[in-house]
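Structure first, commentary second.
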Amino acid sequence: DQASGWVRVAPLGACGTDTTSAFSVDDNGAVYGLAYKTCSSYRAFRWTPKAGSMPLVPPSYKPNGQAVNTRANNASADGRTVVGWQEDPMTGQWQGVVWNSGVPSIVRAPSGEPVDEVTAVSGDGKLIGGALLLGEEPYGDGYRRKATGGKMEFVSPLPGDAAPARPLAMSANGDVMIGFSGNAFLSFNPGPFLWTKELGTANLDDFLRQQGTTLDQWYSLFGVGSVSNDGTVIAGTGVGMMGYAGWVLKIDTAFVCHPSNAAPGGGAKPRP
């Protein structure tokens, strides 16, 4: 900031020149991410100017008693809900983790299997979201669920070869989610998406063009990253004529078709 300039996030160790990587910040100014102890040992951490860097409690331990490697991807506005992943103690595969008031737990699909890394949390900290591991049912779906556990609400991927659907950010109450569908390098039809209960999973690029938004300078608003509390402002990194560039999108009003029993024949009627 103007008074302090850049403030270093205190390291817990190092891997060569790498020390800490910041992935999220809460409304109190606490920073969350990954902190190296050594090149083979790193932990999810929370940093504040007064307390410095503190590793989060790991959800699991290796057979030798050493804490597993973890990373924090995102945090709620008050910092009480943090999401990320751990490395499986035996295979090293990433498994989704949520920290509720500092207490970690592994996020599991209805089948009981661990999900992929957890990538999204609502501003109020009540909902989390991410992608299922490939092979789990429903295949290719993402999900959202209560941070404290419970039934999953599944998020369908975009049509074509664009699995899995991975929510990356949520509005304050989780009613609006943005994310990416597919593998950016291997899928035939990957793309950014916008999700609401009424709209479902919609390709963000196509949705904006249908609203009349000019995207001439962009091939795609590829890397969605953040959404405001009210869900009307989205930001990320896009691919365009001049390469990669940041963008901010403000959606004050959108016209979509919502299913309604009041519509003739059970169809849909437009509503702002």
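Summary table below
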item	result
Residues satisfying the stated conditions in segment 214-240, i.e. of a type in the set (Ser, Thr, Tyr) and open to solvent by 50 Å² or more (accessible area, probe 1.4 Å)	Thr214, Tyr219, Ser226, Thr237
Which listed residue is open to solvent by less than 40 Å² (accessible area, probe 1.4 Å) and not β-branched (Val, Ile, Thr), from Pro114, Pro89, Pro110	Pro114
Criterion (under 27 Å from Pro63 (Cα atoms) and open to solvent by 30 Å² or more (accessible area, probe 1.4 Å)) met by exactly one of Gly102, Gly96, Gly160, Gly84	Gly102
Members of segment 41-54 found to be part of a strand (DSSP E or B), open to solvent by 60 Å² or more (accessible area, probe 1.4 Å) and not aliphatic (A, V, I, L, M), listed by number	Arg46
Segment 60-79, residues that are part of a strand (DSSP E or B), open to solvent by less than 50 Å² (accessible area, probe 1.4 Å) and out of contact with any Leu (no Cβ under 8 Å at 6 or more places or on another chain)	Ala67, Asn73, Asn74, Ala75
The listed residue being assigned to a loop (DSSP other than H, G, I, E, B), closer than 30 Å to Ser40 by Cβ, in contact (Cβ under 8 Å) with a residue 24 or more places away in the chain and β-branched (Val, Ile, Thr), out of Val57, Val82	Val57
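The values are calculated or read from the model by the stated rules, or taken from the named source; none is laboratory data. A quick note: this is a predicted structure, and the numbers were derived from the prediction, not measured. Here Cβ is always computed from backbone atoms with ideal geometry, including for glycine, and neighbour counts include all displayed protein chains. Just so you know, the surface numbers come from the protein's heavy atoms only, side chains and all, with ligands and any DNA or RNA stripped out. Shrake-Rupley method; radii C 1.70, N 1.55, O 1.52, S 1.80 Å.
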